[in-house]
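**Q** Supplied in structure tokens, the structure appears directly below.
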Amino acid sequence: MVGNRKASYVMSQTQVEISSVLEDLGKLTPRGYVLGMHQQYTTTKFMFQTYQRTWLDYYSQNGLVMSDPTVAWCFENTGTLRWSDLEDPAGVMNAAAEHGMPYGAIYATVAGGSRSMAGFARDDREFTDAEITQMQELVDILHAATADKAKLPPETIEQLKKMSVMVTHPGS
């Protein structure tokens with residue numbers, strides 16, 4: 001993302017081109033991302049995951065969400081943090097590295113009374129501060145655009161649901 005491109009995503013005052021934001025986020029995260037938009041207890045309004053299928057299956061089959069330090073940190077904090085700065089007594093981040101994701105960052109935000117969380121992965125190096133800032137800005141755009149389902153046109157809600165499934169379960 002060159003400069004501040006927030007305006008380039010806006011289609012109208014109330015609608016954002018979600019697919020363009022997700023596409024740009026994908027370009028910044030060579031090994032994928034996970035977005036949990038608008039947490040309510042343990043569920044989200046929208047979930048987008050582009051991590052490789054083998055990692056998603058391993059993570060799910062081993063119940064890693066219960067010991068994942070990225071999830072715990074995002075529930076307890078706001079802001080950004082690199083995976084390498086997390087305490088990980090259960091070895092979840094080591095397992096992620098074994099699945100081709102040795103580097104990553106997380107971001108949690110609370111705005112408008114709602115929490116969204118994100119994780120980003122790479123296999124070649126740590127994310128730069130500039131990349132983390134860009135990813136944060138993209139998540140903020142998505143957080144704002146999806147905050148109030150009542151204000152979203154029904155076709156946008158349907159698009160988000162379909163994209164959530166397609167991004168999380170390619171080929172579905």
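**Q** Residue-wise, which Karplus ³J(HN,Hα) couplings in Hz belong to region 66-78, taking 6.51 cos²θ - 1.76 cosθ + 1.60, θ = phi - 60°, and x for glycine or proline?
**A** Calculated HN-Hα couplings, in order: 5, 10, 6, x, 5, 5, 4, 4, 5, 6, 9, 9, 10 Hz.
**Q** Tabulate in residue order the Karplus-calculated ³J(HN,Hα) for region 90-104, using 6.51 cos²θ - 1.76 cosθ + 1.60 with θ = phi - 60°, rounded to whole Hz; enter x for Gly and Pro.
**A** Result, rounded to whole Hz: 8, x, 5, 5, 5, 5, 4, 4, 5, 9, x, 10, x, 10, x.
**Q** Keeping all protein chains in position, work out how much accessible area residue 122 exposes to a 1.4 Å probe, and write it in Å² to the nearest 10.
**A** 20
**Q** At residue 65 and residue 98, where each label point lies 7 Å from the Cα along Cα→Cβ, what is the point-to-point distance in nanometres?
**A** Placing both labels 7 Å beyond Cα along the Cβ direction yields 2.2 nm.
The values are calculated or read from the model by the stated rules, or taken from the named source; none is laboratory data. Predicted model, so just to flag it, every value in this text is computed and none were measured. Quick reminder, even Gly has a Cβ in these numbers, built from the backbone with ideal geometry, and neighbours come from all protein chains shown. Just the protein is used for accessible areas: all its heavy atoms, side chains included, with ligands, DNA and RNA removed. Shrake-Rupley method; radii C 1.70, N 1.55, O 1.52, S 1.80 Å.
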